[in-house]
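What follows is a single structure, written as structure tokens, with notes after it.
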Amino acid sequence: MRIVLFLLATLFMGSAFSQQKYSISGYVRDTNSGESIHSAVIYNVEANVQSTTNNYGFYSLGLMSGLQSIKVSAAGMQSKEFQILLLSDTAIDFFMSPTEKTIGIATVRGKKSENVKNIDISTQTITSQTIKQIPAFLGEADVIKSVQLLPGVSSVGEGASGFNVRGGGIDQNLVLMDEAPVFNSAHLFGFFSIFNPDAVKDVQLVKGGIPANYGGRLSSTLDVRMKDGNNKKYEANGGIGTIFSRATIEGPIVKNKASFLLAGRRSYIDVLAKPFLNSDLKGSQFYFYDFTGKVNYRRKRDNFYISTYIGDDAFSAQNAFGVKWGNTTATARWNHVFNKKLFSNFTYFYSRYRYNIEFNSKDADFNWQSYIVNNSAKADFNWYASSKHEILFGAQSTYYTFKPGKAVVNNNNGTTDFSLPDKFGLENAVYIAEEFNPSGKFSYRLGLRVSNFMYLGKGNAYYYKPAVETGDRRFIDYVKYYNQNEVIANYTNLEPRFGFKYQMGQQSSVKGGYNRMVQNLHLISNTAASVPFDVWQPSTNNILPEKADQYTLGYFKNWGKGDDFESSFEVYYKDLKNQVDYVDGANLLLNEYLEGDLLTGKGRAFGAEWYIRKVTGKLTGWISYTLSKSERLVNGINDNRWYPNRFDRKHNLYIIANYKLNEKFSFSGNFVVSSGTPTTFYAGQYNIQGYTVPDAGSNARNNVRNPIYHRLDLSVTYTVKKRKRWESNWVLSCYNVYNRRNPFSIYFATNYQNTGNNAAIRYSVIGSFIPALSYNFKWN
């Protein structure tokens, strides 16, 4: 052995005078499952340079020849150090094992202090382990509810779909499932998300400094990555809960080369309620289900993935009405490594969101169907130009089909068709970005995205006259017919991106970022919270693309013996243009002349976010506080003055804690305090011939606020002793522990024939505490 070491040392010393530069490249994977690990850090001690794996776990790092020390680290994984004798370009895959106590949430994945050394700003990653630890409604772990506890994120209340980020609407978040966008991320009117936590690898939320490869929404990107499937061994997990059950199975098709994952959930409220329903309601339905499937195959230079999601919600009463809505996605991806420095990913995805409403009676039947479909192809490239420079570039093309409504009424007099014509759009984008990460103090990311959107025929395009008075409904000036795929409107926009980091020491840094975002899809809604039946519209000759310029600056600091605490303070300002609103009394559903009821204006959002997280020890968790303001200015609304957005909350405080008592018992809790959301009250009333008429006065919008929102959730987990390959636990949870009746909205019941006798009604979606018990298992 000594002779071997002597020869290696001699070879190394002999080559020291004629060193050459080579590259190591490959993947970082989980030892137990073979899953790729993105955002892992590969660090070279001698040269003080590093590479970070991309979304598919690939890395490339240029080094000098000779004996090199490589450290590999990632959140939730045991860090490893390797000695490599580098004499030529070398392909190396690194395998890592999970830590015994997985750290659930990280601002940036990586080794100690990596959150202050990485250039990413306003970016946070939640692992599936953390999602399962947070107490949730009816004891069911939920991706979106976990995201809502991050700084800068809020919602309008219980039962509301989606989430709001830094003053943006829910439609201004790009929500991706294995790169395919989903247009409604909620089950059961917002109480649960469509993502099965057992099938989720991790979730990344990007709120600011958004890279150039993302586009199409103004406020944020929520990138949900599904597991690839264990290619080492078979395993299954699932759970039985109060409202639904779930099951997941995964395993190798060809060991170490191909694997699969199948996951499903179904609620059973309708099954449990059926014995108690009378004969008229025996056929009623109230359930949701979803299915997630994925297969992948890999060989030396290529990886192939096919994934799909199918989910529906159904709510109906027999012989009365029926409502159904859901998402369907399919994604096919091919990763190819051209050489040691060039990585590529080619993607095709299909995404559809649709809903259906039916009403039945003895005299007539009504049926309304609507959907939005997109088909997209894109190519993304990573070129590792050097150990300090990485170039990212790519292109994407997406074709949209909008069906605003196919509505038919059947009665004794025949059939009446209220259907609206379909709409079509084509969106293309190209981007390029450079990351410069020297070993010194300053690094930057510079990017440019160029997007083009074309509103296409076939069909009539309406051109409207200016409103008689500001804020009034507009009327048609003339109509023009366009043939199939003929361009009606064309918009091209430049979207520059910039981010930087200045290292102030081993444990602190200052980061900043700017991004311009453009959005060509618009959710038209005038409800307090988004509902499944809201209307999606493309940019048209009347609706301009929405735009946002965001500026972000942050200070990041870690402290403690082993970087036990991570913290950040960020401020942001967002300037928004072409924000869509509506005239008073607008008709948004099945309205062929909808665009005449819409108004556009500008918006602004600004705030500060404090965040501190404890990552080690028996007690872990985080505290975040956001101070913010979000408002709009639209001519014709609120006397042409600024008014708050419906989802504006000035104060948001979140406290999340997890305490592991021993190997059997652990406790979790979260406490939420938020300012009330704005709403519109009428300013007075007047009496006409004995009738009371409410008066909002001066076309006011969101002129008062609901009372403060606060809630405490607790849970305790009992882990059953492991038996061979079987693991299980029981989770007892309580949502809204102290029985707070948080108001979702307040409205007035007016007695029009009795002056002054008007009752204010406080509507709460959750009116009491909700206990739940669930059983979770895993076989591996």
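Solvent-accessible surface of protein heavy atoms, probed at 1.4 angstrom with all chains present, puts HIS522, HIS336 in the order HIS336, HIS522, largest first. Seen from ASP89, the other residues with C-beta closer than 11 Å to its C-beta sum to a net charge of +3, counting Lys and Arg as +1 and Asp and Glu as -1. Distance between the C-alpha centers of region 380-428 and region 474-536? Whole Å please. Computed from Cα coordinates, the inter-centre distance equals 14 Å. When nucleic acids and ligands are ignored and a 1.4 Å probe is applied, SER628 ends up with an accessible area of around 20 Å².
Using r as the Cβ-Cβ distance of GLN369 and ARG301, and R0 as 56 Å, what FRET efficiency do you calculate, to the nearest 0.05? With R0 = 56 Å, the Cβ-Cβ based efficiency is 0.80.
In this structure, the amide hydrogen of SER764, modeled 1.01 Å from its nitrogen in the peptide plane, lies closer than 5 angstrom to those of PHE744, counting only residues at least 5 positions away or on a different chain.
The 1.4 Å probe gives accessible areas that order ARG516, ARG632, largest first, as ARG516, ARG632.
Spin-label point model (7 Å from Cα, Cβ direction): what's the TYR234 to ASP639 distance in nm? Reported label-point gap for TYR234 and ASP639 is 7.2 nm. In order along region 500-511, the phi-based Karplus estimate (6.51 cos²θ - 1.76 cosθ + 1.60, θ = phi - 60°) of 3J(HN,Hα) comes to 8, 9, 10, 7, 9, x, 5, 10, 8, 7, 10, 10 Hz; Gly and Pro are listed as x.
In this structure LYS233 has an accessible area near 80 Å², from a 1.4 Å probe over the protein heavy atoms. By DSSP, what percent of the beta bridges with both residues in the chain are antiparallel, rounded to the nearest 5? The antiparallel fraction comes to roughly 95 percent. Put a dot 7 Å past each Cα toward the Cβ at LYS577 and ALA377; how far apart are the dots in nm? Modelled inter-label distance: 3.3 nm. Per-atom-type breakdown for the chain gives carbon and sulfur 58% of the accessible area (1.4 Å probe, protein chains only).
Label-to-label distance for ASN460 and LYS257 is 6.1 nm, based on points extended 7 Å past Cα in the beta-carbon direction. In this Cβ point-charge picture (+1 for Lys and Arg, -1 for Asp and Glu), the chain has a dipole of about 2540 debye about its Cα centre.
Amide H to amide H distances under 5 Å link GLY169 with no residue, where only residues 5 or more positions off or on other chains count and H is placed in the peptide plane. Near LYS257: Cβ cut-off under 10 Å, other residues only, Lys/Arg at +1 and Asp/Glu at -1. The net charge is +3.
Using the Cβ-Cβ distance between VAL487 and ASN339 with R0 set to 30 Å, the FRET efficiency works out to roughly 0.15. Full extension of the chain between ILE746 and ILE92 gives 229.3 nm of extra length, using 0.36 nm per residue less the Cα-Cα distance.
Keeping every protein chain present and rolling a 1.4 Å probe, give me the accessible area per residue for the chain in Å².
43
In a Debye calculation with equal point scatterers on the alpha-carbon sites of region 174-330 and no solvent, what is log10 I(q)/I(0) at q = 0.12, 0.18 Å⁻¹? Normalising to I(0) and taking log10 leaves -0.64, -1.11.
With R₀ set to 35 Å, the beta-carbon distance separating GLN78 from SER397 gives a calculated FRET efficiency near 0.25.
Residue ranges 648-660, 576-588 sort as 648-660, 576-588 when ordered by packing (mean number of other C-beta atoms within 10 Å per residue, highest first). Take each peptide in 308-316, 452-460, count the other Cβ atoms within 10 Å of every residue, and average; sorted highest first, the result is 308-316, 452-460.
Structural descriptor for the chain: relative contact order 10 percent, calculated from alpha carbon pairs under 8 angstrom and at least 6 residues apart. Residues MET64, MET77, MET517, sorted by accessible area with the largest first, give MET64, MET77, MET517 [1.4 Å probe; ligands and nucleic acids excluded]. Heavy-atom accessible surface of GLU390, to the nearest 10 Å², is about 30 Å², with a 1.4 Å probe and all protein chains retained.
The values are calculated or read from the model by the stated rules, or taken from the named source; none is laboratory data. Just so we're clear, the structure is a prediction, and the values are computed from it rather than from any experiment. Ideal geometry is used to build each Cβ from the backbone, glycine not excepted, and the neighbour counts take in all protein chains shown. With ligands, DNA and RNA removed, areas are computed over all heavy atoms of the protein, side chains included. Shrake-Rupley method; radii C 1.70, N 1.55, O 1.52, S 1.80 Å.
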